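Only one structure is covered here, and it is reproduced in the block below.
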Amino acid sequence: MRCVIIGMLEKNTKSYFIFGVFAVLVLIVFYIVFDQINTLDTHVKNVELNLELALKSDIATSTVSSTAPSLPASGTNNPPITEQGENIIIPTGIVFNATSSPLLQPQATIVLIVQDVAKQADGKVFVHLKASTERAQSYSAIDPKDFFQLVSLSSENQRALAADGAWSSMPPQGTVQGTLMFQVDPSQTSLILQVGKGDAIKFYQFDFQTKTYKEVILG
């Protein structure tokens with residue numbers, strides 16, 4: 001009887017051992033499979049993330065290309081105007097609103113700022129401008145030549161002979177700077193600048209001897 005019991009115990013011990021070894025093997029296999037799954041999942045997530053970033057990059061590029069249209073040449077993106085010699089410069093605080101060109105829709109209110117007016121010894125007059133597109137929701141365009149003239153009391157007013165600045169493709173919520181160039185007699189010491197358009201026209205007289213300016217009314 002004792003031998004039978006011992007034999008049964010030895011048999012059970014072997015069974016437990018075999019079961020234990022099997023359980024350990026199952027755990028090892030499960031760990032390896034779980035680790036491979038995690039690795040694969042991480043790889044898939046990385047691929048998805050890279051794809052998402054690539055798509056976002058393509059969309060951003062497409063958006064920039066579509067929102068910055070290329071307009072037909074309009075003479076408002078000319079090379080910079082070269083100023084030579086010493087200028088007599090009169091800083092100003094002239095600010096007014098202008099409506100952007102219908103070439104780019106929707107039209108927007110553009111704030112035009114006259115930073116200063118300068119005169120060279122050869123009679124060239126430069127009006128330095130800055131435009132604020134803070135109120136625009138998309139790219140806009142404007143021709144500054146339409147809003148400035150030199151007044152002549154004996155003949156027709158003079159429009160700007162040249163203009164520089166990126167006026168035909170102005171980004172929203174930004175600023176654009178440029179220059180208008182006029183020509184007067186070198187001996188001329190004062191001029192009247194017409195500013196604005198339509199019913200909003202104003203006149204400013206610039207005196208290059210006293211380096212001052214003032215608003216005037218022309219009847």
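Observations
- Based on protein heavy atoms only, segment 160-217 ends up with 52 Å² per residue of surface accessible to a 1.4 Å probe.
- Nonpolar atom fraction for segment 111-163, defined as the carbon and sulfur part of the 1.4 Å probe accessible area, stands at 45 percent.
- Net charge, Asn87 excluded, C-beta distance under 10 Å - Lys, Arg +1, Asp, Glu -1: -1
- Paramagnetic reach from Asp199 in segment 92-113 [backbone N under 16 Å; point 7 Å along Cα→Cβ]: 97-99
- Relative contact order for segment 83-219: 22 percent, from Cα pairs under 8 Å spaced at least 6 residues apart, divided by residue count.
- Residue-wise HN-Hα coupling along segment 114-128, computed from phi with Karplus coefficients 6.51, -1.76, 1.60 (Hz; x: Gly, Pro): 8, 6, 6, 10, 10, 10, 8, 5, 7, x, 6, 10, 10, 9, 8
- By definition, a body whose alpha carbon gyration tensor gives a ≥ b ≥ c is prolate when a/c is 1.5 or more and a/b is larger than b/c, and segment 76-140 fits this prolate description.
- Accessible area (Å², per residue) of segment 83-122, counting only protein heavy atoms and a probe of 1.4 Å: 52 Å²
The values are calculated or read from the model by the stated rules, or taken from the named source; none is laboratory data. Here the structure is a predicted model, which is why all the values come from computation and not from measurement. Please note: Cβ atoms are built from the backbone with ideal geometry, for glycine as well, and neighbour counts cover all protein chains shown. With ligands, DNA and RNA removed, areas are computed over all heavy atoms of the protein, side chains included. Shrake-Rupley method; radii C 1.70, N 1.55, O 1.52, S 1.80 Å.
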